[in-house]
Amino acid sequence: MESTRVDRWLWAVRLTKTRPDAAAACRGGHVRVNDKPAKPATTVVPGDEVRLRVGGTTKVLDVVRVIQKRVGAPDAATCYVDRTPKPPPETVVPVARRDRGAGRPTKRERRVLDAFRSQREP
């Protein structure tokens, strides 16, 4: 087995839940093979690069082995090399908090809050 359809391969290696989901992702423009938009019937061979947009992130995969039937997760993970770049670290912004039941802020506390907010805004 030297090649298979991209929608079948995505389903077989457990990147999509169902084969119709994989075909819909191809039709929607969420799958690229070797930097070209892929239709569901596009063939993949070992050595191809597949880009799949799932859940807001783009996965970059190199095809190592081609399979047509769905296999277990450990076997499926051996069929591709995941080269997805790591997401940038999220910056944690401190939030001014008041104790519950402390009432309205005093005039001095309001000035401190306003100064804090003006420093955060660009």
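The values are calculated or read from the model by the stated rules, or taken from the named source; none is laboratory data. Here the structure is a predicted model, which means the values were calculated and not measured. Heads up, the Cβs are rebuilt from the backbone with ideal geometry, glycines too, and the neighbour counts pull from every protein chain shown. All accessible areas refer to the heavy atoms of the entire protein, side chains included, with ligands and DNA or RNA removed. Shrake-Rupley method; radii C 1.70, N 1.55, O 1.52, S 1.80 Å.
Assorted remarks:
- In a simple Cβ point-charge model (Lys, Arg +1; Asp, Glu -1; nothing else charged), the chain has a dipole of about 800 debye relative to its Cα centre.
- Most to least packed among 39-52, 72-85, 4-17, 101-114 [average Cβ atoms within 10 Å]: 4-17, 39-52, 72-85, 101-114
- Every Cα-Cα pair of the chain was included, and the share exceeding 25 Å stands at 43 percent.
- Per atom type, the chain shows carbon and sulfur on 51% of its accessible surface, probed at 1.4 Å.
- Principal-axis tilt of helix 107-120 within the chain, Cα atoms, nearest 10 degrees: 30 degrees
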